Amino acid sequence: MSIVLHGFGLGGGIAIGKAYVLNKDLNDVAELSLDETELEHEIKRFEDALIETRKELEHLRNTIPSGAPAELGAFLSLSIMMINDSQISKAPIELIKEYSCNAEWALKKQTEVLSRQFDEMEDEYLKERKNDVVQVIERIFKNLSGNDFDWECGGKLEKGILVTKDLSPVDLVHFKESKFAGFVTDFGSMTSHTAIVGRNLDIPAAVGVGNATQLIYDDELIIIDGQQGVVIINPDSLVLNEYKKLKKSFQDSRQKLRAIRKSETVSVDGVKVDLFANIEVPSDVEDVKYNNADGVGLFRSEFLFLSNDGHFATEEQQFDAYCEVAKAMKKNPVTIRTADLGADKNPAWNLAHGKSDNPALGLTGIRLSLAEQSFFKTQLRAILRASNYGTLQVMFPMISSAWELKQAIHQLDLVKEELREEGIPFDEDMKVGSMIEVPAAALSIKGILDLVDFISIGTNDLIQYLLAIDRCDESVNYLYDPLHPSVIKLLNHIIKSADKENVPVSMCGELAGNMKLTRLLLGIGLRKFSMYSSNLLHVKNVIMNTNISELETLVAKIVKSENREKIYELVEKLNEGI
Ligand code: PEP
Ligand code: MG
């Protein structure tokens with residue numbers, strides 16, 4: 001039977017392939033019927049998972065921090081005893097033999113048996129121990145199924161479609177190395193960093209699809225429509241053929257766009273526009289160059305610190321990464337944003353800071369860098385040293401006031417002084433910029449403009465804070481509205497203020513790459529756009545087919561209006577012909 005699911009599309013066209021379902025928990029496990037010859041291997045897998053879990057728990061018991069509650073040691077010892085109990089260590093093996101089934105299924109069956117026994121107990125204290133047992137079993141299950149996914153997965157998964165509960169932004173950086181044709185997640189919102197990095201991959205994807213991991217089974221044929229956010233499980237031949245045609249036409253139109261790769265980005269009335277690219281890791285530069293971007297408008301350097309193993313990039317590693325990009329882009333500017341960590345980009349070493357009830361309003365971006373001075377200075381040293389090898393610019397994230405920006409610039413000056421004393425060369429004229437993504441900074445922008453060489457508008461956070469909607473919370477996604485009158489008015493205010501002070505202004509948030517908004521932004525006065533490379537030619541095509549001087553009247557009406565329907569109607573009119 002064919003089933004259709006809906007989520008948020010991240011673009012990338014259409015993918016048709018077999019599902020590879022990951023991240024299941026114990027409840028999602030399916031029974032597999034194994035061959036007699038496979039049972040020995042299955043039992044060994046289960047025994048290895050037991051050994052691994054025992055090791056983990058022993059390690060935890062041996063490294064209990066001082067000051068931890070005394071019960072913790074006793075609890076961990078008890079957990080280790082549970083693993084050794086035959087109900088957990090032996091019964092699943094008997095089930096594997098009896099039913100010729102997979103180890104996960106056997107563990108699930110045994111968990112159900114144990115759960116029932118606990119539920120039937122009269123003693124409340126003993127009844128509550130059920131959770132302790134389930135926790136231990138879940139640990140075994142994780143070791144059994146493998147937590148660490150092999151992103152460089154072999155040919156078997158080529159052109160397959162990954163279906164998983166969720167992916168972190170870092171997972172998606174690994175995704176670049178994999179051979180999947182697309183991905184589907186249960187969770188995820190449109191403007192989370194997962195979605196942003198996902199779009200950058202330029203492969204068909206849908207996030208926030210609900211219970212995809214429950215409804216899709218391994219090896220089932222699925223279609224992802226990345227434009228519409230639609231996922232079709234087991235399509236019938238009619239639907240399949242229709243999507244094959246759509247896929248072909250998407251590929252053809254993309255091929256056509258390639259013809260403008262080398263053309264100058266100039267509007268019909270001769271206005272030159274700069275198109276920059278957003279990158280996360282140095283290897284993204286390949287696409288930047290292929291699409292002939294004018295430079296890198298946003299290097300999200302925090303991805304250098306987000307490795308899963310909890311270690312963060314040293315000065316040398318950072319220097320190498322920045323140099324690689326600087327050299328590859330030659331004379332074209334490369335804007336390195338200092339680490340914008342916190343909220344949904346929280347490295348393992350920062351988890352202590354991350355324990356905030358409201359992380360998006362907590363110690364993120366420049367706040368974290370200013371609180372962790374040696375970390376910040378190390379990054380500034382690496383950027384300054386690399387500035388000697390190309391045209392680097394530095395930019396600070398999450399600035400909320402001129403005085404906060406002054407503190408960041410002060411740290412930069414201190415590091416420059418250090419380098420001068422050490423005789424280490426750097427670009428003395430390296431440009432310094434500020435992100436404008438906190439409404440307070442946008443409203444009191446004059447003080448900021450006085451301190452910088454350029455600004456860049458981060459519309460993802462600007463909209464989040466202006467409209468009070470957590471960008472990672474899919475339940476408020478419906479409120480995310482780039483055409484909200486307040487958003488348009490604030491963008492207009494930022495761009496006009498920067499123009500007045502002769503400070504170059506670019507936009508590096510998602511709106512810059514949305515071709516439905518290109519004309520509106522041009523009309524407001526934006527002349528520098530930075531976006532993921534895959535969108536660059538779409539936006540360029542719109543610019544090359546736009547007469548900016550003809551936008552004026554309509555755009556003025558849009559900026560003035562507070563009527564949502566009217567704004568949508570006028571923007572549609574503005575976009576006629578594209
Ligand atoms: C933004 O907020 O618009 C932005 C570009 O930064 P990030 O998405 O990395 O927070
Ligand atoms: Mg931001």
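The values are calculated or read from the model by the stated rules, or taken from the named source; none is laboratory data. Predicted model, so just to flag it, every value in this text is computed and none were measured. So basically every Cβ, Gly included, is an ideal-geometry build from the backbone, and we count neighbours across all protein chains shown. Ligands, DNA and RNA are excluded from the accessible area calculation, which covers all protein heavy atoms including side chains. Shrake-Rupley method; radii C 1.70, N 1.55, O 1.52, S 1.80 Å.
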Failed item, numbered, when S530 is tested on (1) within 15 Å of ligand 1 (Cβ to nearest atom); (2) in contact with a Ser or Thr (Cβ under 7 Å, 6 or more places away or on another chain); (3) part of a loop (DSSP other than H, G, I, E, B): (3)
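Within the range 458-469, can one find any residue that is within 14 Å of ligand 1 (Cβ to nearest atom) and without any contact (Cβ under 8 Å) to a residue 24 or more places away in the chain?
Taking the range 458-469 and keeping what is within 14 Å of ligand 1 (Cβ to nearest atom), we get 458-467, 469.
From what is left, the residues that are without any contact (Cβ under 8 Å) to a residue 24 or more places away in the chain are 467, 469.
Checked against the condition, which is being within 14 Å of ligand 1 (Cβ to nearest atom) and without any contact (Cβ under 8 Å) to a residue 24 or more places away in the chain, the range 458-469 yields at least one hit.
Let me confirm something: among L306, L275, L298, which residue is within 19 Å of V394 (Cβ to Cβ), within 16 Å of ligand 1 (Cβ to nearest atom), under 24 Å from the mean Cα position of the chain (by Cα) and touching a residue at least 12 places away in the same chain (Cβ under 8 Å)?
L298
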Looking only at the range 267-284, filter to residues that are β-branched (V, I, T) and open to solvent by less than 20 Å² (accessible area, probe 1.4 Å); which one of those is farthest from F529 (Cα to Cα)? I279
Is the range 555-578 home to any residue that is out of contact with any His (no Cβ under 9 Å at 6 or more places or on another chain) and under 23 Å from N332 (Cβ atoms)? no
Could you tell me whether the range 63-70 includes any residue that is among the β-branched types (V, I, T) and at pLDDT below 90? yes
Read through the list (1) among the small types (G, A, S); (2) farther than 15 Å from L405 by Cβ; (3) assigned to a helix (DSSP H, G or I), then give the number of the only condition that S506 fails. (3)
Given the residues A512, A498, which is the only one that is small (G, A, S) and within 14 Å of ligand 2 (Cβ to nearest atom)? A512
Regarding I399, is this residue in contact with a Phe, Trp or Tyr (Cβ under 7 Å, 6 or more places away or on another chain), within 16 Å of ligand 1 (Cβ to nearest atom) and open to solvent by less than 10 Å² (accessible area, probe 1.4 Å)? no
Quick check on the range 105-125. Is at least one of its residues in contact with a helix residue (DSSP H, G or I) (Cβ under 6 Å, 6 or more places away or on another chain) and β-branched (V, I, T)? yes
Tell me yes or no: at least one residue of the range 297-306 is open to solvent by 40 Å² or more (accessible area, probe 1.4 Å) and either more than 28 Å from R337 (Cβ to Cβ) or part of a loop (DSSP other than H, G, I, E, B) (or both). no
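Filter the range 487-503 for residues that are in a helix (DSSP H, G or I), open to solvent by 50 Å² or more (accessible area, probe 1.4 Å) and not charged (D, E, K, R) and give the result.
H493
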In the set S356, S387, S369, S374, the lone residue that is of a type in the set (S, T, Y) and within 15 Å of ligand 2 (Cβ to nearest atom) is S369
Under the condition of being under 29 Å from the mean Cα position of the chain (by Cα) and of a type in the set (S, T, Y), which residue from the range 530-572 is nearest to I336 (Cα to Cα)? S530
Just to be sure I understand, how many residues within the range 371-401 are in a helix (DSSP H, G or I) and at pLDDT 95 or above? 14
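Report, by residue number, each residue of the range 567-578 that is part of a helix (DSSP H, G or I) and touching a helix residue (DSSP H, G or I) at 6+ places or on another chain (Cβ under 8 Å).
I567, L570, V571, K573, L574
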Sort out which residues of the range 49-62 are free of Cβ contacts under 8 Å to residues at least 40 places away in the same chain and surrounded by 11 or more Cβ atoms within 10 Å (Cβ to Cβ), and write them in order of number. I51, R54, K55, E58, L60, R61
Restricting to the range 361-376, name every residue that is surrounded by fewer than 18 Cβ atoms within 10 Å (Cβ to Cβ) and either of a type in the set (A, V, I, L, M) or within 13 Å of ligand 1 (Cβ to nearest atom) (or both). L361, L370, A371
I'd like to check something: does the range 331-342 contain any residue that is surrounded by fewer than 17 Cβ atoms within 10 Å (Cβ to Cβ), at pLDDT 95 or above and either within 16 Å of ligand 1 (Cβ to nearest atom) or assigned to a helix (DSSP H, G or I) (or both)? no
If the Cβ limit is 7 Å and pairs must be 6+ apart or interchain, which residue in the range 191-202 that is over 13 Å from N278 (Cβ atoms) pairs with which residue that is within 14 Å of ligand 2 (Cβ to nearest atom) and assigned to a helix (DSSP H, G or I)? T191/N460; T191/E510; T194/P169
Name the residues in the range 443-481 that are away from ligand 2 (no atom under 13 Å from the Cβ), in a helix (DSSP H, G or I) and either open to solvent by less than 40 Å² (accessible area, probe 1.4 Å) or polar (S, T, N, Q) (or both), would you? I445, G447, I448, L449, L467, S475, V476, N477
Restrict the check to the range 395-416 and report whether at least one residue is within 16 Å of ligand 2 (Cβ to nearest atom), in contact with a Ser or Thr (Cβ under 6 Å, 6 or more places away or on another chain) and of a type in the set (G, A, S). no
In the range 173-195, how many residues are at pLDDT below 80 and under 19 Å from N477 (Cβ atoms)? 6
Among (1) touching a residue at least 40 places away in the same chain (Cβ under 8 Å); (2) outside any helix (DSSP H, G or I); (3) within 16 Å of ligand 2 (Cβ to nearest atom) - the single one D427 does not satisfy: (3)
